[in-house]
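Every number here is computed from the coordinates shown, using simple stated rules; none is lab data. Everything quoted here is computed from the prediction, not taken from an experiment. Note that we place each Cβ from the backbone using ideal geometry, even for glycine, and neighbour counts take in every protein chain shown.
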Amino acid sequence: MTIISQNSIIKFMKNNKSTLLTVLFVFLGLFFYTKLVGPISFSVNSVQTTKTNLFSVSGTGKATGIPDTAQLSIGVTKTALTVASAQEQVNVTANKITDDLKKLGIADKDIKTSDYSVNPNYDYTRGGQNITGYTITQTFEVKITPIDIANKAIDAVTLDGANLVNGITFTFNDKTKKDLENKARKEAVSAAKEKAESLAKAAGIRLGKIVDVQESNGYTPRPVLMMGKGAEANSAADTQLQPGENSITVNITLSYETF
């Protein structure tokens, strides 16, 4: 064990007096600074030194199919002197509508009330707000599969007294939509790869592995605007709707490492 003598310590302090004084002044300075100003803030910056070159290319795929599902918006509106009278009229017509839709094979879960409103009617001609009656409106959203039932459904509900037929939208069921998306996705990936290889060859770039994939898709069900048909449409010709085709578009962006 090494024993440091008192003389050695005194000799060290004499030889390093200036250094010790400097250290002492630094600590005293820091002490008084933190007391007067506050803690000293420190920050550490992270610097990334490895650079990765990426080459990104986009491709688009499109899949088209015949819609297999119709979404129909229908309703009934009635006006009467009292709320109870208007409700009774609406209920009678609404019950006829739902019963006939079910007879066509449309399930309960595919018939839902989307809106129900009660509004007073005012007469301002005699001054003030004089209520002359009440209007009640009930609307339904109906999902119809197979799609060829849609024509029969519209004819049936208008004969029942539905005086609001706001429109019909042709769309795909979940399985058909998924299948079309997969088809469009494969086409988009293939198009992006082909474009990447062509551009890389033209630019003299050597592609590495794919390190990132981004996707966005677009699909808007096609609405068909219709004129409202009322209960008086008994003698009108049968409804004839043609679903046509709908398309699903998928955009894919591939990012490659380059050398």
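For the reader, a short list of remarks on this structure follows.
- Highest-first arrangement of 142-149, 79-86, where packing means the average Cβ count within 10 Å: 142-149, 79-86
- Cβ-derived FRET efficiency at R0 45 Å, S216 paired with D99, nearest 0.05: 0.55
- Our coupling estimate for the stretch 105-114, obtained by passing each phi through the Karplus curve with A = 6.51, B = -1.76, C = 1.60 and θ = phi - 60°, is x, 7, 6, 4, 5, 9, 10, 9, 6, 9 Hz, Gly and Pro reported as x.
- Karplus-derived HN-Hα couplings along the stretch 252-259 (A = 6.51, B = -1.76, C = 1.60, θ = phi - 60°), whole Hz, x at Gly and Pro: 10, 10, 9, 10, 10, 6, 10, 10
- Out-of-range pairs (alpha-carbon distance over 32 Å; input K103/K177; K143/K183; K175/K195; K103/K178; K62/K96): K62/K96
- Per-residue HN-Hα couplings for the stretch 116-129 [Karplus 6.51, -1.76, 1.60; θ = phi - 60°; Hz; x = Gly/Pro]: 8, 9, 10, 10, x, 9, 10, 10, 9, 5, 9, x, x, 9
- Spin-label model, K143/K178: points 7 Å from Cα along the beta carbon direction are separated by 1.4 nm.
- Under 5 Å, built H, 5+ apart or other chain: amide partners of T239: D155
- When each of the peptides 164-176, 61-73 is scored by how many other beta carbons lie within 10 Å of its residues on average, the order from highest to lowest is 61-73, 164-176.
- Ranked for footprinting exposure by Cβ neighbours inside 10 Å, fewest first, I97, I111, I74, I131 give I131, I111, I97, I74.
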